[in-house]
1. Rounded if a/c is under 1.5, else prolate if a/b is larger than b/c, else oblate: which is the range 190-230, with a ≥ b ≥ c the root eigenvalues of its Cα gyration tensor?
2. For Val10, list long-range residues whose amide hydrogen, built 1.01 Å from N in the peptide plane, is under 5 Å from its own amide hydrogen.
3. What is the pair-distance distribution P(r) of the chain, computed from all Cα-Cα distances in 10 Å bins starting at 0, with each bin given as a whole percent?
4. Using Cα pairs under 8 angstrom and six or more residues apart, how large is the relative contact order of the range 115-202, in percent?
5. Note down the relative contact order for the range 148-250 as a percent, whole number, built from C-alpha pairs under 8 angstrom at least six residues apart.
6. Determine the sum of side-chain charges near Asp52: Lys and Arg each +1, Asp and Glu each -1, restricted to other residues whose C-beta is under 13 angstrom from that of Asp52.
7. Rounded, prolate or oblate, given the Cα gyration tensor of the range 1-112, with a/c below 1.5 counting as rounded?
8. Under 14 Å Cα to Cα from Lys160, which aspartates and glutamates show up? Leave out anything in the same chain fewer than 8 places away.
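Coordinate-derived values only; no laboratory data. Note that the coordinates shown come from a computational prediction; the quantities given were computed from them, not determined experimentally. Cβ: placed from backbone, ideal geometry, glycine included. Neighbour counts: every protein chain shown.
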Amino acid sequence: MYTFKGKTAVVTGAASGIGEAIALELSSLGAFVIVSDLSAQGCDRVVTRVTDLGGKAAAQPADVADPAAMHALVSFAENQTGALHFAVNNAGIGDSSGPVGACPIDTWNKVIAINLNGVFYGMHAQIPAMERAGGGAIVNMGSILSTVGFANSAAYVAAKHGLVGLTKTAALEYSRKGIRINAVGPGFIHTPLLSANLDQDQLDGLADLHPIGRIGTVEEVAGLTCFLLSDRASFITGSYHPVDGGYTAH
């Protein structure tokens, strides 16, 4: 086991799904969690869950596509507890915009702004704060599509591939300063968004794409993420870690 007692973590996209599960696990291990998302109501709901379970958290809604908002989020974290030690850049949106030649330009720009630029803006604010704190760790939420293609999702695939390159580059730059940076690549995961948009036959079809024979859970992604943030992963940086039931092993 490991503990995050006395540490502060920021989690973006934390109002539901994977981000919520990460916020809950971090808090259960002792971290003070800054819960961030576009939805203020969603942030407040997760903070209430954390505190009802005996943890500590505060809500700070923010748009990851706004660099000023990312710097304000980090300032909020430092003002709350005095330092920022961990960050999970989890916020993202999906993309089913059609083939490359027909992808709307505004869709491309929106997906890149949130799924790639948002991670850069997050680290742009988080890394200096971690330097002030004497070190830290970051996990950027990639995807199985960080390493393979997927028809009709060009912007999403491009952003998630770019996220891995950005992660590796930042890790090289800050390893000697005590900041570890890794990426996680979930397969298809049971989230409210997935369940709301797919019927049971479609969910079964997705499950069949994973050699393990099922869709993953948010808790499985949270477990890997928290391990990578912990001191148990002290020799791991600049790497990409699938949690995908064997999807990318084909």
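1. Since a/c reaches 1.5 but b/c is at least a/b, the shape of the range 190-230 is classed as oblate.
2. The list, which skips near neighbours in sequence, is Ile34, Phe86, Ala87, Val88.
3. Answer for the chain: a P(r) of 8, 33, 39, 18, 3, 0 percent.
4. Here the relative contact order equals 36 percent.
5. So the answer I get is 37 percent.
6. Taking every other residue near Asp52 into account, the sum is +2.
7. Prolate.
8. Result set, ordered by chain and number: Asp95.
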